[in-house]
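This report refers to the structure that appears directly beneath it.
The values are calculated or read from the model by the stated rules, or taken from the named source; none is laboratory data. Everything numeric here is computed off the predicted structure, so don't read it as measured data. Every residue, glycine as well, gets a Cβ built from its backbone with ideal geometry; the counts of neighbours run over all protein chains shown. Note: areas computed on protein heavy atoms with side chains; ligands, DNA, RNA excluded. Shrake-Rupley method; radii C 1.70, N 1.55, O 1.52, S 1.80 Å.
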Amino acid sequence: EFETLAQESQQLKRELEVKEPLYRVGLDVRLRFLEYARESIFCVDPRNLDQGVIARGNDATHRGHGEADNAALSCLRGAVPIAHLDALFIDLFHCPTSRYLNWTEPKLRQALNYQASIRTLTIQNHSLNRPIRERQSAMEHFQFI
């Protein structure tokens with residue numbers, strides 16, 4: 001019985017490790033919401049809002065994040081064919097999840113995340129219809145990398 005509990009514990013630890021990036025993204029999104037709530041509920045001047053919280057929330061909401069996206073897709077396993085989930089990840093990040101997760105170079109993952117972000121902008125808004133500031137921001141990120 002001890003072995004069974006130890007195996008279950010290890011399984012839960014692995015699941016938590018996979019889903020931790022998804023929790024981080026969700027937390028950033030909710031903290032942004034709460035920061036904006038301060039403006040309307042407590043009449044906080046928008047200039048006094050925590051811009052770091054807002055920026056992290058915006059990034060979490062609007063940018064690709066391969067680790068979190070992989071965790072979200074893993075939640076759909078069983079409800080959606082694995083081939084469809086894998087194809088979506090590959091289309092966004094141009095590599096399978098196994099390769100993405102094995103890369104240890106942060107700049108490479110960051111580049112793939114930005115590429116996925118731009119891919120979704122193109123899909124959702126045909127890119128050219130985006131405000132110039134958003135297009136410039138995307139290009140600045142590519143220059144950074």
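Before moving on, here are some points about what is shown:
- Here is the figure for segment 46-64: residues that are open to solvent by 40 Å² or more (accessible area, probe 1.4 Å) and assigned to a loop (DSSP other than H, G, I, E, B) total 2.
- Of the residues S40, S74, the single one that is small (G, A, S), farther than 19 Å from R119 by Cβ and in contact with a helix residue (DSSP H, G or I) (Cβ under 9 Å, 6 or more places away or on another chain) is S74.
- Test: G57 is touching a helix residue (DSSP H, G or I) at 6+ places or on another chain (Cβ under 6 Å) and closer than 22 Å to P106 by Cβ: yes
- When E39, E67 are screened for being more than 21 Å from Y23 (Cα to Cα), in a helix (DSSP H, G or I) and in contact with a Pro (Cβ under 6 Å, 6 or more places away or on another chain), only E39 passes.
- With respect to the conditions (1) under 17 Å from the mean Cα position of the chain (by Cα); (2) open to solvent by 70 Å² or more (accessible area, probe 1.4 Å); (3) not aromatic (F, W, Y), C43 falls short on a single one, namely (1).
- Checking each residue in segment 102-117 for being open to solvent by 70 Å² or more (accessible area, probe 1.4 Å) and either closer than 13 Å to E67 by Cα or acidic (D, E) (or both) picks out N102, W103, T104, E105, P106.
- Contact annotation: residue pairs with Cβ atoms under 8 Å, 6 or more positions apart or on different chains, pairing a residue in segment 101-113 that is among the aliphatic types (A, V, I, L, M) with a partner that is open to solvent by 90 Å² or more (accessible area, probe 1.4 Å), are L112/H94.
- Residues satisfying the stated conditions in segment 6-32, i.e. loosely packed, with under 12 Cβ neighbours inside 10 Å and under 27 Å from G64 (Cβ atoms): K13, R14, L16, E17
- Qualifying residue in segment 65-75 (condition: among the charged types (D, E, K, R), surrounded by 12 or more Cβ atoms within 10 Å (Cβ to Cβ) and in contact with a Leu (Cβ under 8 Å, 6 or more places away or on another chain)): yes
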